[in-house]
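Undergrad: Just passing along the structure, written as structure tokens.
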Amino acid sequence: MLNRFVFLLGLHFAVAAGAQSTGTPRDVQLKMLEHQRKVLLQMVDSMPERLYRDKVTPTQRDFAAQIHHAAGAVAQISRATMNGPALSLPDSGVAFNTRAGLRSYVTGAYDYASNLFKNQTDGARAEVVDLFGQKMPRWQIWDELHMHTVWTAGQIVANFRKHNMAPPAFTFF
């Protein structure tokens, strides 16, 4: 599984790098942000609600918590590092138990982050901020968030495999 993840991660970067030749790095980052939303929503729609609280291992987050973590991190970290307005996401109690609730949470998190991204000036993107003790320009935060989402979504595939279900199709091939 790790080798497949590394392969897919490399392929993902290759696709993103190829996309840069047809757009700006900012265009690519927005495309990746929207791709993250799409993948997480496909996972939400593909998993039966009765398995939302199911775990692959005792120490892993359950399916709904893993989706919640991936989407919530995008909104919460972008808010904290981009000086965004107050964040108000749908109730996680509902999100953890219903498809509509989990879809609403993912959509709310990505709507928030996308709005921050789209309104970010070039000057703000260049400013150096602190991300968990590491100094980096704000534009790089978007790449780090993308990596986190890819990492987290890759782990969610195991939830599908545990029940002999295919995860949503990998969209790059």
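Undergrad: Name the residues in the range 108-141 that are within 28 Å of Val94 (Cβ to Cβ) and of a type outside the set (S, T, N, Q), would you?
TA: Scanning the range 108-141 gives Gly108, Ala109, Tyr110, Asp111, Tyr112, Ala113, Leu116, Phe117, Lys118.
Undergrad: Please find, among Arg138, Arg125, Arg161, the residue that is more than 19 Å from Pro25 (Cα to Cα) and not aliphatic (A, V, I, L, M).
TA: Of the residues listed, the single one that is more than 19 Å from Pro25 (Cα to Cα) and not aliphatic (A, V, I, L, M) is Arg161.
Undergrad: Taking into account only those residues within the range 156-173 that are polar (S, T, N, Q) and at pLDDT 95 or above, which is surrounded by the fewest Cβ atoms within 10 Å (Cβ to Cβ)?
TA: Asn164
Undergrad: Quick check on the range 36-50. Is at least one of its residues over 17 Å from Val106 (Cα atoms), more than 12 Å from the chain's Cα centre (by Cα), at pLDDT 95 or above and not in a helix (DSSP H, G or I)?
TA: For the range 36-50, residues over 17 Å from Val106 (Cα atoms), more than 12 Å from the chain's Cα centre (by Cα), at pLDDT 95 or above and not in a helix (DSSP H, G or I): absent.
Undergrad: Another one. Quick one: which of Gln140, Gln120 is assigned to a loop (DSSP other than H, G, I, E, B), surrounded by 10 or more Cβ atoms within 10 Å (Cβ to Cβ) and of a type outside the set (Lys, Arg)?
TA: Exactly one residue qualifies, and that residue is Gln120.
Undergrad: Working only within the range 85-107, note down all residues that are surrounded by fewer than 18 Cβ atoms within 10 Å (Cβ to Cβ) and assigned to a helix (DSSP H, G or I).
TA: Within the range 85-107, Ser92, Gly93, Val94, Arg99, Ala100, Arg103, Ser104, Thr107 qualify.
Undergrad: Just checking, how many residues over the range 70-100 are modelled with pLDDT of 90 or more, small (Gly, Ala, Ser) and closer than 23 Å to Trp151 by Cα?
TA: 7
Undergrad: How many residues are in contact (Cβ under 8 Å) with a residue 40 or more places away in the chain and β-branched (Val, Ile, Thr) when one looks only at the range 82-104?
TA: Qualifying residue count for the region: 1.
The values are calculated or read from the model by the stated rules, or taken from the named source; none is laboratory data. Since the structure is predicted, the reported quantities are computational estimates derived from the model, not experimental observations. Because the Cβ atoms are built from the backbone with ideal geometry, glycine has one as well, and the counts that use them run over all protein chains shown.
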